[in-house]
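Engineer: First the structure, then my questions, so here it is.
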Amino acid sequence: MTGNDLKRILKKINGRGYKAYKDIEGLYDFGTFRLSIDHAQGDPFASPSRVRVLIPVRETGFPPDLFSRKPREVAFRDFLSRAFEGAIRRYSKGRRGTGRSGLIDIDTGGQEILERTSVILKDGWLEVRFFVGLPAHGRTILGHEAQEMFFGEIPRIVRESLFWASVDKVALRRHVEVCEDQEALREMLEELGLVAFVAEGAILPRRSGVDDRPLKEGVVPVEVPFELEVTVELPNRGRIRGMGIPKGVTLIVGGGFHGKSTLLHALERGIYNHIPGDGREYVVSDQGAVKIRAEDGRYIEQVDISPFISNLPFGKDTRKFSTENASGSTSQAANIMEALEVGARVLLMDEDTSATNFMVRDERMQALVAKEKEPITPFVDKVKKLHRQFGVSTVLVMGGSGDYFDVADTVIMMDSYRPRCVTQRAKEISKVYASRRRDEGGENFGTITPRAPKPESFDPSRGKRDVKIDIKGLKAILFGTTLIDLSALEQLVDESQTRAIGAMIHRYAQRYADGKRSLKEGLELLMAEVREKGLDCLVPYKPPNFAMPRIFEVAGAINRMRTLKVRQLSP
Ligand code: ADP
Ligand code: MG
């Protein structure tokens with residue numbers, strides 16, 4: 001069908017009841033692009049209609065080197081989604097009429113560049129997926145308004161954002177190159193023996209707890225202490241200097257309000273690539289870095305937390321620990337063990353969000369409360385062994401206890417937002433003020449026991465629907481009738497990731513959770529499938545708003561399902 005056919009249908013259904021919009025579903029040739037109306041919404045308040053624009057890539061004029069390799073391609077698509085959104089802001093007349101009438105909307109990212117489904121490059125086609133609120137007055141179709149949207153606004157938005165001739169060429173190239181550099185930098189970490197790299201001059205603080213853009217006023221850019229200085233060569237930017245955070249145990253100390261948590265937050269987000277101008281473009285951390293916090297009240301299903309907790313009152317077995325309502329320390333222990341179970345390589349922790357009795361137990365407390373009466377082995381007695389036995393590093397913000405000096409390999413002091421290396425000084429202090437506390441952690445870290453989720457854990461049905469999975473904002477999923485609270489997954493940054501996780505749990509349950517395979521094995525198969533086929537493989541339609549999560553956040557969601565049942569496997 002051609003654009004004229006769409007015009008004709010819109011004329012015909014003008015003034016009729018909303019359901020008649022179903023008649024416009026279909027594929028139309030608009031000359032410079034094709035328009036596919038995949039799904040027309042059922043009423044003006046329902047979630048808006050799904051529409052796609054398709055253009056042969058060679059007709060867009062974009063130089064192929066901008067999307068020829070993987071990290072470049074992701075950044076290229078990310079840029080186009082932002083350009084499309086910018087054009088919507090300029091050329092869409094916006095909401096008018098009832099409900100979502102008049103709306104045009106595309107899914108784009110915040111400060112991160114993520115693999116997402118709103119813009120796809122496939123088989124020589126550029127495909128842009130977006131939402132349209134089909135216009136109505138009450139439930140009466142406004143055909144003229146719809147015509148204006150499909151023949152005025154959308155073609156203009158397409159023209160102004162999806163062609164090489166119309167985009168900001170310098171900005172696009174920069175977007176692609178900066179993203180590629182971050183990816184390259186992250187890949188260098190292993191060889192450099194680092195868990196993270198923080199570039200000189202980086203801007204770490206954010207505008208507010210709810211605004212992730214860089215702080216504008218009174219910012220102190222990162223200065224590099226010479227002891228930790230590392231210089232690397234990036235493919236586009238060339239040489240760059242920064243602070244390398246080595247593998248092992250790293251402590252971030254310093255007075256309150258001196259920027260400790262801000263540095264740790266930047267490391268948490270360093271698993272993602274950032275947009276140019278973010279300030280954290282060259283702040284990268286190991287992909288396997290997982291933020292750990294206390295999370296009292298959470299559900300735990302048969303997690304082996306025995307490295308940290310044993311001899312609970314009433315003989316509760318901590319090698320198979322289950323609870324509907326975890327305490328601060330048991331939740332933090334479970335969060336660590338679950339992260340290790342799916343392959344975490346770095347743990348990031350902040351005293352601000354940790355359980356005190358999980359982190360420390362000083363010599364006086366050891367004298368007063370005998371080891372036999374204390375189920376908790378504090379993290380300080382395990383952190384070094386965790387690195388020795390499993391090669392898992394830790395970066396820990398700890399301004400409140402010097403007991404960690406004995407086990408730290410690197411100590412960074414934040415001093416008025418300036419990082420300084422104080423490892424030497426901390427080691428001297430731990431000699432001079434030798435602690436009489438005893439290591440209660442035993443010889444080794446302990447065992448990481450894998451678990452196999454049982455298939456019956458996952459029921460996506462709700463009411464008449466066999467599969468009903470919704471998100472409730474960034475940090476909650478309603479899977480069937482099971483509400484999953486993700487508020488402790490601090491490295492989840494985009495609602496579209498949350499949405500994808502909902503679909504991934506379903507896919508995991510259908511394909512990979514056989515009650516025998518470990519969670520890690522099953523999720524690795526799932527992640528490999530999604531990487532190979534794309535996020536599209538998760539649902540029977542073309543999803544316009546999925547973004548890629550990591551295995552840790554998917555596992556984190558599954559582990560928090562109050563319906564989860566597992567069988568422990570032998571370590
Ligand atoms: P700490 O964890 O050491 O108590 P925070 O990291 O929470 O300190 O930082 C305290 C405040 O200082 C925050 O409001 C933060 O935004 C701000 N801040 C952190 N780093 C910088 C910096 N480099 N320049 C300016 N302000 C900063
Ligand atoms: Mg803090």
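Engineer: On a 0 to 90° scale, report how tilted helix 328-341 is relative to the longest principal axis of the chain, with both axes built from alpha carbons and the result rounded to the nearest 10.
Structural biologist: It works out to around 70 degrees.
Engineer: For region 421-495, what % of the accessible area comes from carbon and sulfur atoms, probe 1.4 Å? Spell out each step's value before the answer.
Structural biologist: Numbers: 2090 of 4230 Å².
Carbon and sulfur: 49 percent of the exposed surface of region 421-495.
Engineer: If packing is taken as the average count of other Cβ atoms within 10 Å, what order do 264-275, 293-304 fall into, highest mean first?
Structural biologist: Working: 264-275: 23.7, 293-304: 20.2.
In descending order of packing, they fall as 264-275, 293-304.
Engineer: Report, in degrees rounded to the nearest 10, the 0 to 90 angle that the Cα long axis of helix 3-13 makes with the longest principal axis of the chain.
Structural biologist: Roughly 80 degrees, rounded to the nearest 10.
Engineer: Note down, for region 236-366, the three equivalent ellipsoid semi-axes (square root of 5 times each alpha carbon gyration tensor eigenvalue), biggest first, whole angstrom. All intermediate terms of the calculation are to be shown ahead of the outcome.
Structural biologist: Working: eigenvalues 219, 62, 32 Å².
So the three semi-axes of region 236-366 are 33, 18, 13 Å.
Engineer: Testing the spin-label approximation: label points 7 Å from Cα along Cα→Cβ at residue 210 and residue 511. State their distance in nm.
Structural biologist: 3.8 nm
Engineer: Tell me, what is the FRET efficiency for residue 371 and residue 170 to the nearest 0.05, using R0 = 51 angstrom and their Cβ-Cβ distance as r?
Structural biologist: Values: r = 64 Å, r/R0 = 1.25.
Efficiency for this residue pair is about 0.20.
Engineer: Which log10 I(q)/I(0) values, to two decimals, does region 96-202 give at q = 0.22 Å⁻¹ under the Debye formula with one point per Cα?
Structural biologist: -1.27
Engineer: List the relative contact order of region 154-237 as a percent without decimals, with contacts defined as Cα pairs under 8 Å and 6+ residues apart.
Structural biologist: On the way: 54 pairs, mean separation 23.4, N = 84.
Rounded, it is 28 percent for region 154-237.
Engineer: I'd like the carbon and sulfur percentage of the solvent accessible area for region 3-167, probe radius 1.4 Å, heavy atoms only, ligands and nucleic acids excluded. Walk me through the numbers on the way to the answer.
Structural biologist: Details: 3380 of 6720 Å².
Heavy-atom surface of region 3-167 belonging to carbon and sulfur, 1.4 Å probe: 50 percent.
Engineer: Tell me the relative contact order for the chain as a rounded percent, counting alpha carbon contacts under 8 Å between residues six or more apart.
Structural biologist: Details: 1173 pairs, mean separation 71.9, N = 571.
Once divided by the residue count of the chain, the mean separation gives 13 percent.
Engineer: Which lysines does residue 316 reach when only Cα atoms under 20 Å apart count, and residues fewer than 8 places away in its own chain are ignored?
Structural biologist: 371, 373, 565
Engineer: Based on DSSP H runs of at least 4 residues, each adding -39500 (n - 2.57), what is the mean residue ellipticity at 222 nm of the chain after dividing by all its residues, to the nearest 500 deg cm²/dmol? Walk me through the numbers before you get to the answer.
Structural biologist: Working: 15 runs with 168 residues, N = 571.
Counting only the DSSP helices, I get -9000 deg cm²/dmol.
Engineer: Can you tell me which of 18-26, 376-384, 445-453 comes out highest on packing, and rank the rest after it, using the mean Cβ neighbours within 10 Å?
Structural biologist: My ranking of the peptides, most packed first, is 376-384, 445-453, 18-26.
Engineer: Let me ask something else about it. Send over a whole-number figure in Å² for the accessible area per residue of the chain, probe 1.4 Å.
Structural biologist: With all protein chains present, the chain gives 43 Å² per residue.
Engineer: While we're on this one: Restricting things to alpha carbons, tell me how big region 314-444 is in terms of Rg and Dmax, in Å.
Structural biologist: Calculated on Cα positions, Rg and Dmax stand at 15.7, 49 Å.
Engineer: Can I ask one more? In percent, how large is the relative contact order of region 1-109, given Cα pairs closer than 8 Å and 6 or more residues apart?
Structural biologist: Numbers: 118 pairs, mean separation 18.8, N = 109.
Here the relative contact order equals 17 percent.
Engineer: Does anyone have the angle between helix 169-192 and the longest principal axis of the chain? Alpha-carbon axes, 0 to 90°, nearest 10?
Structural biologist: Between helix and principal axis, roughly 30 degrees.
Engineer: Could you list, bin by bin from short to long, the percent of Cα-Cα pairs of region 451-568 in 5 Å steps?
Structural biologist: With a bin width of 5 Å, the distribution comes to 2, 12, 25, 26, 23, 11, 2, 0.
Engineer: What does the charge count near residue 235 come to, summing +1 for each Lys or Arg and -1 for each Asp or Glu among other residues with Cβ under 11 Å from its Cβ? Walk me through the intermediate numbers first.
Structural biologist: Numbers: positive: 69, 72, 237; negative: 177, 180, 181, 183, 187, 233.
Taking every Cβ under 11 Å from that of residue 235, the sum is -3.
Engineer: Here is a follow-up. Could you tell me the convex hull volume per residue, in Å³, taken over the Cα atoms of region 521-571? Can you show the working numbers first?
Structural biologist: On the way: hull volume 5.8 nm³, N = 51.
Each residue corresponds to 114 Å³ of Cα convex hull volume.
Engineer: Please state, rounded to one decimal and in Å, the Kirkwood hydrodynamic radius that the chain gives when every pair of distinct Cα atoms enters the mean of 1/r.
Structural biologist: Details: mean 1/r = 0.0386 Å⁻¹.
Hydrodynamic radius (Kirkwood, Cα pairs) of the chain is 25.9 Å.
Engineer: Beta carbons within 10 angstrom, averaged per residue: use that to sort the peptides 480-490, 364-374, highest first. Intermediate values should be presented prior to the final figure.
Structural biologist: On the way: 480-490: 19.0, 364-374: 11.1.
Answer by packing, highest mean first, reads 480-490, 364-374.
Engineer: Still on this structure, please answer the following. Any idea what log10 I(q)/I(0) is at q = 0.14, 0.18 Å⁻¹ for region 3-167, Debye with uniform C-alpha scatterers and no solvent?
Structural biologist: Taken in order of the listed q values, log10 I(q)/I(0) reads -0.69, -1.07.
The values are calculated or read from the model by the stated rules, or taken from the named source; none is laboratory data. Computed from a predicted model, the values in this text were never measured in an experiment. Don't worry about glycine lacking a Cβ; one is built from the backbone with ideal geometry, like all the others, and counts go over all protein chains shown. The protein model used for the area step is the full one, side chains on, heavy atoms only, and it has no ligands, DNA or RNA in it. Shrake-Rupley method; radii C 1.70, N 1.55, O 1.52, S 1.80 Å.
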